[in-house]
Structure formats: structure tokens, C-alpha cells
Amino acid sequence: QSALTQPPSASGSPGQSVTISCTGTSSDVGAYDFVSWYRQHPGKAPKLLIYEVNKRPSGVPDRFSGSKSGNTASLTVSGLQADDEADYYCSSYAGSNKMLFGGGTKLTVL
Amino acid sequence: EVQLVESGGGLAQPGGSLRLSCAASEFTFSSYTMHWGRQAPGKGLVWVSRINKDGRTRSYADSVKGRFTISRDNAKNTVYLQMDSLRAEDTAVYYCARSYEWGLDYWGQGTVVTVSA
């Protein structure tokens with residue numbers, strides 16, 4: 001059960017867009033449309049941004065969007081705001097009622 | 001507003017045990033699968049365990065299988081994590097979370113577990 005692979009860091013200026021990738025295998029990301037994305041501010045609990053690859057929970061702005069191609073999922077944050085500076089994690093169903101998280105990406109708003 | 005409140009964390013010796021609880025409110029607890037995850041200091045999120053609505057199906061990460069046991073009491077709206085044979089590498093903030101289509105839509109504030117002699 002290896003963690004999904006995310007870039008350790010990403011950055012963008014206010015108003016710009018940034019995309020974070022999440023690479024798994026044909027046994028997890030590539031096999032199921034159960035990829036989720038979370039944002040976590042320091043010292044806080046994670047917050048769900050995207051589920052089932054590209055669906056947004058109620059209350060999450062459409063600046064956040066998700067996609068998947070093969071074994072790689074992506075989160076795009078558009079119209080970057082200062083509050084978007086946080087750690088971002090992906091997760092995927094991995095079969096046998098198990099889940100995997102990515103290693104996390106620290107997003108810096110320049 | 002959905003609330004999840006973890007408790008039971010603290011200091012344990014290597015080889016010792018702790019039992020975490022997560023009290024749920026403001027939603028129909030028995031209708032949801034629940035998960036535990038953890039985050040070691042300065043590290044990323046790691047999935048730990050899952051229990052389905054009626055408690056009959058349980059799954060675990062390889063790193064805790066055989067040492068941790070997840071359970072739930074739907075009458076008390078509470079999910080538990082019994083942690084035995086604790087190791088230093090189990091030191092982390094432990095979160096419970098509600099499952100929605102394999103996304104975790106509500107999280108507790110976390111409870112800190114420290115394993116040290």
C-alpha cells in the first residue's frame with residue numbers, strides 16, 4: 001500500500017490557476033472513479049473539496065475542479081486567493097474496502 | 001451542523017494500548033460508513049481503518065492490521081479505535097471522518113496520540 005504520488009510543492013500568484021497532480025496505479029486511481037481532494041490549513045482538520053474525481057460538495061466554490069486520465073488525477077484551483085495557501089491531499093479507493101492518500105502538496109500563493 | 005468529536009488520545013508506552021472514541025451528532029449515524037485516519041507530526045495524511053454502517057465490514061491499513069480494531073455503537077452514535085501493541089511510529093493526530101462515496105466529507109478536530117517510553 002504505497003501512498004499516491006503528489007508533487008511536494010506548487011505555487012501561483014493571486015488570480016492565477018494552479019494544477020496539482022496525483023499519480024497512482026492501475027489498482028487504485030486508474031481502476032476506480034473514487035478520487036477525492038482535500039485542503040488542510042495548518043493545525044486544522046482536512047476539508048473535502050472534490051469527490052468522485054470531479055464532483056464538488058455543497059458549499060465548495062467552482063474555482064476547484066477535478067479530472068482524471070489513466071492513473072493520474074488532477075486538481076485545478078482557479079482564481080487563486082490568499083486563503084488557498086494550504087496543504088492539498090488526494091485520496092483514492094484502492095480496492096478491498098481500503099483507501100490511499102497522497103503524500104500532500106504545499107500550495108504557496110505568491 | 002454535523003459534528004464529530006474525538007477523545008481518548010494521550011501518552012502510551014511502546015507495547016501499550018489506547019482506545020479512541022469519536023462521538024457523532026446532527027446526522028443519522030447509522031446510515032454512514034466511518035473512517036479513521038492519522039497524521040504524524042509534520043507528515044501527510046494516512047488512512048487507518050474503515051467500518052461500514054452496520055459494523056459487519058471492517059478494513060485496515062497494512063501498518064495497523066492485527067494491532068488496531070475498529071468498532072461502532074450505533075445506539076451511542078460513536079465509533080471506536082482500539083489500538084494495541086502501540087509503536088513509536090503510531091504517534092500522530094488521529095481523526096475520525098464520515099464517508100460519502102469514498103470521499104470523507106466531515107472530519108473531527110483530531111486527538112493526539114503519543115507513543116513513548
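What the table below lists for this structure:
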{"item": "Note, ³J(HN,Hα) from phi for segment B:45-56, Karplus 6.51, -1.76, 1.60, rounded to Hz, x at Gly and Pro", "result": "6, 9, 6, 10, 6, 9, 9, 7, 4, 9, x, 7"}
{"item": "Distance between modelled label sites at A:K106 and A:H41, nm, 7 Å Cα→Cβ extension", "result": "1.8 nm"}
{"item": "Descending Cα extents along the principal axes, chain A, whole Å", "result": "40, 26, 25"}
{"item": "Ratio Rg/Rh, restricted to the protein assembly as shown and using Cα atoms, in which Rh is the Kirkwood radius", "result": "0.96"}
{"item": "Cα→Cβ-extended label distance, 7 Å offset, between B:Q82 and B:S116, nm", "result": "2.8 nm"}
{"item": "Surface/4 of the Cα convex hull for chain B, nm²", "result": "6.8 nm²"}
{"item": "Out-of-range pairs (alpha-carbon distance over 19 Å; input A:K68/B:K65; A:K44/A:K98; A:K47/B:K43)", "result": "A:K68/B:K65; A:K44/A:K98"}
{"item": "Estimated FRET transfer efficiency when R0 is 35 angstrom, pair B:S71-B:K43 (beta carbons, to 0.05)", "result": "0.85"}
{"item": "Distant-in-sequence amide H partners of B:V48 (H built 1.01 Å from N, under 5 Å)", "result": "B:W36, B:G37, B:R38"}
{"item": "Lys/Arg +1, Asp/Glu -1 at C-beta; chain A dipole; positive extreme among A:L110, A:A86, A:N97", "result": "A:N97"}
{"item": "Ranked list, fewest to most other Cβ atoms within 10 Å of each Cβ, for B:L104, B:L81", "result": "B:L81, B:L104"}
{"item": "Sequence-separation-based contact order of chain A, relative, with Cα cut under 8 Å and 6+ spacing, percent", "result": "38 percent"}
{"item": "Anchor B:K76: lysines whose Cα lies under 22 Å away (excluding residues fewer than 8 positions away in-chain)", "result": "B:K53"}
{"item": "Extended-chain gain in nm, criterion 0.36 nm per residue less alpha-carbon gap, A:S11 and A:A82", "result": "24.4 nm"}
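Bear in mind that the values in this text are calculations on the coordinates, not laboratory data. Note that the structure is a prediction, hence the values are computed from the model and not measured. Glycine also receives a Cβ, built like all others from the backbone with ideal geometry; neighbour counts cover every protein chain displayed.
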